[in-house]
Structures are given as C-alpha cells and as structure tokens.
C-alpha cells in the first residue's frame, strides 16, 4: 500500500510539473508569435490552433523522453527549458529558411498548409531532440 501511495505521489508531482512546463511553454511560444495566439484560436483560426498545439505536443514529446532517462524532477525542468528554447529557435530558423512567406503572417491568415508543414517539422525535431536525451 505504501508503494502505491508513493507511486500516486509521483504521478501527482509529474502532472503538476508537466502543467507548469506547458503553461510556461505556451506563454513563451505566444510571445514569439507576432499575433495573439489565444485571440486567433478563439476566432476559430484552425492554423493557429494547430500551430500552438504542435508546439505544445513537441514539448510534451521532449518531456516524455527526458522522463525515460532521468528520475530527477530538476533535470526534467532543465531539459524542458532547453526544449522550449530549441522549439523557439526552430521557429526562427524555419522563418528564415522559408523566405517565400512569413510563418506568422500565414498562420494568422489561417493557412493550413503552412500549419501542417510546421507541425511536421516541430514534431520531427522534438522526436530527434528527445531521442538524443535518452
């Protein structure tokens, strides 16, 4: 019974940690975009929702893979912060490497093709980064 309570305690801590990480990630990611993410999502902009969801999913992938390689909450937080930085740098890099259009402008217009492209890049890079941490 004591083991079950300890395990449940760890699950509770894990849920709290991931909630904090996702809140911080959402805040940082929203500051990076030139439009108001929440407002666009509330308006029904599917591209904005997919883009924000992809960034958060990418962050979750990194956190999940980190959790396989460490039992330290501090290391999870550290690598999560690094994951946020990597995903922010990825956004800037993609914006620079695709000079035909500006990522934020296209997402704000609701361009689902750009959102799909970004989703694939974000998730792919998150998996690669996560596997490097294991």
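No lab work stands behind these numbers, since they all come straight from the coordinates. Here the structure is a predicted model, which means the values were calculated and not measured. Note that each Cβ is placed from the backbone with ideal geometry, even for glycine, and that neighbours are counted across all protein chains shown.
General observations
- Cα pair count fraction exceeding 22 Å, expressed as % - segment 2-133: 39 percent
- Using alpha-carbon coordinates, inclination of helix 2-32 to the longest axis of the chain, degrees: 20 degrees
- The chain, helix-only ellipticity at 222 nm - DSSP H runs n ≥ 4, -39,500 (n - 2.57), divided by all residues, nearest 500: -29000 deg cm²/dmol
- Ordered by the number of other Cβ atoms lying within 10 Å of each residue's own Cβ, fewest first, 61, 13, 123 fall into the sequence 13, 123, 61.
- For the chain, the longest principal axis of the C-alpha atoms and the axis of helix 73-97 are separated by about 10°.
- Efficiency of FRET between residue 34 and residue 73 - r from beta-carbon atoms, R0 35 angstrom, step 0.05: 0.55
- With a simple spin-label model that places each label point 7 Å from the Cα along the Cα-to-Cβ direction, the separation between residue 23 and residue 3 comes to 3.4 nm.
- Segment 82-114 versus segment 1-27: alpha-carbon centroid distance in Å: 31 Å
- Nearest 10 degrees, 0 to 90: helix 46-69 Cα axis against the chain principal axis: 30 degrees
- Label point 7 Å beyond Cα of residue 89 along Cβ direction - residues of segment 118-134 with amide nitrogen under 16 Å: 122, 125-133
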